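Asks: Let me begin by handing over the structure; questions about it come next.
Every number here is computed from the coordinates shown, using simple stated rules; none is lab data. Because the structure is a prediction, the values reported are computed rather than measured. Here the Cβ is made from the backbone with ideal geometry for all residues, glycine too, and neighbour counts use every protein chain on show.
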Amino acid sequence: MRFKFKLISILVLIFVLISPSFAQQREAPPVEFLKISDNLYEIHGGSGANGGLYIGDNGTLVIDAKMNKESVNQVLAGIKKITDKPVKYLVNTHSDGDHVNGNRFFPENVIIVAHKNCRKEFFHTQRDGSASKWSSTELAPFVPSVTFKDKMDIYLGTKKVELWYFGKGHTTGDIVVYFPEEKTAFVGDQIFIGRAQLIHAYKGGNSFAHVKTLAKMLSTLDAKKFCSGHADVIGREAVKKHIKEMVTLQDKVKDLKSLGKKLGEIKAKFNENESRLIEAIYNEIK
């Protein structure tokens, strides 16, 4: 009886240890390409955030890189089914792992482009204080090698892709990849829909700057569609609603803090899933 109990305990322990990996595999649906136009696709599924594919005259441009080799291989195989044009550029919208960890699995001749602050954040100390893995010689070829400050245009023959930097927000290096013909903007994690906005303070992100950055994006670009890292495509009104909701949260935290409320007391007045955002706003208010 004692042996049977020990055996059951061991089997339960093994299941607990391996089940997270099985769960992760189940949670990663296959990569799929959602058509926006003949030249532009949004990439969903796999391990990592949503990305994009643009087909130019003489090559293609990919937006964000998923997280692992399996998902990157699915992306590359999917591209070959759509076009025989080679991948020339990989654009990282920002430095979060679910957008850039797959960089290393793209061919080394692919040019990786990002904002200059994004490149710096590749080498930033991690949230837990550990050193960045991107400092290693092995990964050096997969850090963005081309950077820009405010705006950059990439031409694939006659086709133009616009890269815009409107300021810090989610991090200090988030960019917008804009396709003027399609009036479609890829914004990475600058907009979350259906969940609290992430502001990475440890990377210099700022919620008040986030609001200004999105407002500047709307006033600058004539975009009608906005593709983000973790939601379906939205329109301009949804972006405006997101900005309004952020301002409402900020005003409420300001008012509570002005009354002398401590962080824990303020967090208790919001949904639990908003805790990190409320803390970021609280710490920004001086």
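Asks: With labels modelled as points extended 7 Å from the Cα through the Cβ direction, what inter-label distance (nm, one decimal) is found for GLU265 paired with GLU245?
Replies: For GLU265 paired with GLU245, the spin-label model returns 2.8 nm.
Asks: What GluC sites (Glu not before Pro) in segment 132-214 are in a loop by DSSP, with at most 16 other Cβ atoms within 10 Å of the Cβ?
Replies: Taking segment 132-214 and a limit of 16 other Cβ atoms within 10 Å, the loop GluC sites (Glu not before Pro) found are GLU138, GLU181, GLU182.
Asks: Treat every Asp and Glu Cβ in the chain as -1 and every Lys and Arg Cβ as +1, leave all other atoms uncharged, and give the resulting dipole magnitude about the Cα centre to the nearest 20 debye.
Replies: 740 debye
Asks: Still on this structure: Provide the net charge surrounding ASP57, with neighbours chosen by a C-beta distance below 12 Å and charges set as Lys +1, Arg +1, Asp -1, Glu -1.
Replies: +4
Asks: Name the chymotrypsin sites (Phe, Trp or Tyr not before Pro) in segment 99-197 that are in a loop by DSSP and that have at most 14 other C-beta atoms within 10 Å, would you?
Replies: Passing sites in segment 99-197 are PHE123.
Asks: Follow-up. How much of the DSSP bridge set in segment 50-120 is antiparallel, in percent, rounded to the nearest 5?
Replies: Bridges in segment 50-120 are about 35 percent antiparallel.
Asks: Also, I was wondering about something else. Per q in 0.24 1/Å, what log10 I(q)/I(0) does a Debye calculation on the alpha-carbon atoms of segment 142-224 return?
Replies: -1.24
Asks: If you average the alpha carbon positions of segment 249-286 and of segment 138-152, how far apart do those two centres end up, in angstrom?
Replies: 36 Å
Asks: Shape of segment 108-261 from its Cα gyration tensor (a ≥ b ≥ c, root eigenvalues): rounded if a/c is under 1.5, otherwise prolate when a/b > b/c, or oblate?
Replies: oblate
Asks: Shape verdict for the chain, please, from the Cα gyration tensor: rounded (a/c under 1.5), prolate (a/b greater than b/c) or oblate.
Replies: It comes out oblate by the Cα gyration axes.
Asks: Rounded to the nearest 5, what is the percent of antiparallel bridges among the DSSP beta bridges in segment 28-284?
Replies: The answer is about 65 percent antiparallel.
Asks: Now a separate question. With runs of 4+ DSSP H residues as the only contributors, calculate the mean residue ellipticity of the chain at 222 nm using -39,500 (n - 2.57) per run, divided by the residue total and rounded to the nearest 500.
Replies: Calculated from helices alone, the mean residue ellipticity at 222 nm is -11500 deg cm²/dmol.
Asks: To continue, here is another question. Report the paramagnetic label zone for LEU139: residues of segment 105-131 whose backbone N is under 12 Å from a point 7 Å from Cα along the Cα-to-Cβ axis.
Replies: Flagged as within label range: 105, 121-127, 130-131.
Asks: For the chain, what relative contact order do you get, as a whole percent, if you take Cα pairs closer than 8 Å and at least 6 residues apart?
Replies: Reported relative contact order: 12 percent.
Asks: Please list, by residue number, everything in segment 97-120 whose backbone N is under 11 Å from a paramagnetic label point 7 Å out along Cα→Cβ of VAL146.
Replies: Label zone hits: 110-114.
Asks: Turning to a different aspect of this structure: What nm distance separates the two modelled labels at LYS224 and ILE111, each placed 7 Å from Cα along Cα→Cβ?
Replies: Placing both labels 7 Å along Cα→Cβ, they lie 3.1 nm apart.
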